[in-house]
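Student: Got a structure here, written out as structure tokens. Questions coming.
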């Protein structure tokens, strides 16, 4: 994941989720599937189930990164498909065309050769090769890396009658889009106070989020107390800070 605002920026790392490892490069994460080999359609569906697509290898940097992280002498489906029978008739799965500066075809002009007139998909080994979409092989998925902004705020809170209160927390910055998720925790600044809370985000906006602060050790109100709220805001797209 990529952290910014109150923390450092990470350009390349690996994130393990269960048995799946995502390799991050810039603002993209890549999952290199080395399990059961499948055909192209199944590879597309497998990536989609993880909110991802087959990888788009549009730069030499991405090409080298994937070759470095994949298994040697193993080929993988990528997100490039033939849209017409010409040698240059390929398109990425985001609808963009392949430029001459992007191509990483193997051989010295012999590929893509469309052998048998049915090689409409592309595999990545050290370079690219066009193949039949019915061929079973591994695949590489790509998704946008989560961006995480984090910070903290100090508030004085109280509740006269109820065991909970609603509280708006400013990010101390303004994003051009709302995060898709916010996590928050609360700590009493006076350690002698035994208050314990559940923290439940209820509203998430580009410039603030609202939490329900619920005491779990009493069923009535409490006197004004100073707390520190620590939070993380998660984005799955590029954001601008104002």
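Student: So what's the angle, to the nearest 10 degrees on a 0 to 90 scale, between helix 60-69 and the longest Cα principal axis of the chain?
Tutor: 80
Student: Can you give the FRET efficiency to the nearest 0.05 for residue 20 and residue 99, using r as the Cβ-Cβ distance and R₀ = 25 Å?
Tutor: That pair, residue 20 with residue 99, gives E of 0.20.
Student: Next up: Can you tell me how the stretch 147-235 classifies by the Cα gyration tensor, rounded, prolate or oblate, using a/c under 1.5 as the rounded cut?
Tutor: Details: a/c = 2.39, a/b = 1.94, b/c = 1.23.
Verdict is prolate for the stretch 147-235.
Student: Continuing with the same structure: Return the label of the correct value of Rg and Dmax of the Cα atoms in Å, as calculated from the structure shown, out of (i) 26.4, 82; (ii) 17.8, 58; (iii) 24.5, 79.
Tutor: Among (i) 26.4, 82; (ii) 17.8, 58; (iii) 24.5, 79, the one calculated here is (iii).
Student: Between rounded, prolate and oblate, where does the stretch 2-144 land on the alpha carbon gyration tensor, with a ≥ b ≥ c its root eigenvalues, rounded for a/c under 1.5, else prolate if a/b exceeds b/c? Walk me through the numbers before you get to the answer.
Tutor: Values: a/c = 1.99, a/b = 1.59, b/c = 1.25.
Since a/c reaches 1.5 and a/b is larger than b/c, the shape of the stretch 2-144 is classed as prolate.
Student: If you take the beta carbon distance between residue 91 and residue 68 as r and set R0 to 35 Å, what does 1/(1 + (r/R0)^6) give as a FRET efficiency, to the nearest 0.05? Before the final figure, lay out each step's value.
Tutor: Values: r = 26 Å, r/R0 = 0.75.
Approximately 0.85, to the nearest 0.05.
Student: Quick check on the exposure proxy: order 193, 213 from fewest to most C-beta atoms within 10 angstrom. Walk me through the intermediate numbers first.
Tutor: Numbers: 193 13, 213 22.
So the ranking, lowest neighbour count to highest, is 193, 213.
Student: Taking other Cβ within 10 Å of each residue's Cβ, how do 28, 152, 192 sort, fewest first? Present the calculation step by step, with values, prior to reporting the outcome.
Tutor: Values: 28 18, 152 14, 192 5.
Fewest-to-most ranking of 28, 152, 192: 192, 152, 28.
Student: What is the extension gain from residue 136 to residue 226, computed as 0.36 nm multiplied by their sequence separation minus the C-alpha to C-alpha distance, in nm to one decimal? Don't skip to the end; give the middle numbers.
Tutor: Numbers: separation 90, 0.36 × 90 = 32.40 nm, distance 6.03 nm.
Once the chain is fully extended between residue 136 and residue 226, it gains 26.4 nm.
Student: Additional query: Mind giving me the FRET efficiency for residue 41 and residue 150? R0 is 41 Å, r the Cβ-Cβ distance, nearest 0.05 is fine.
Tutor: Values: r = 40 Å, r/R0 = 0.97.
Efficiency, from the Cβ-Cβ distance: 0.55.
Student: Return the distance in nm (one decimal) between the two label points of a simple spin-label model at residue 49 and residue 210, each offset 7 Å from Cα along Cα→Cβ.
Tutor: Spacing of the two 7 Å Cα→Cβ label points: 3.8 nm.
Student: Taking 0.36 nm per intervening residue step and subtracting the Cα-Cα distance, what contour gain separates residue 191 from residue 168 on full extension?
Tutor: Values: separation 23, 0.36 × 23 = 8.28 nm, distance 2.33 nm.
Gain on stretching residue 191 to residue 168: 5.9 nm.
Student: Rank these for me by crowding, 208, 175, going from fewest to most other beta carbons within 10 Å.
Tutor: Listed from fewest to most nearby Cβ atoms, that is 208, 175.
Student: Which of 33, 207, 144 moves most in a GNM of the chain, Cα contacts under 10 Å?
Tutor: Highest fluctuation of the listed residues: 207.
Read-outs throughout are calculated quantities, based only on the coordinates presented, and are distinct from any laboratory measurement. All figures in this text were calculated on a predicted structure; none of them were measured in a lab. Cβ: placed from backbone, ideal geometry, glycine included. Neighbour counts: every protein chain shown.
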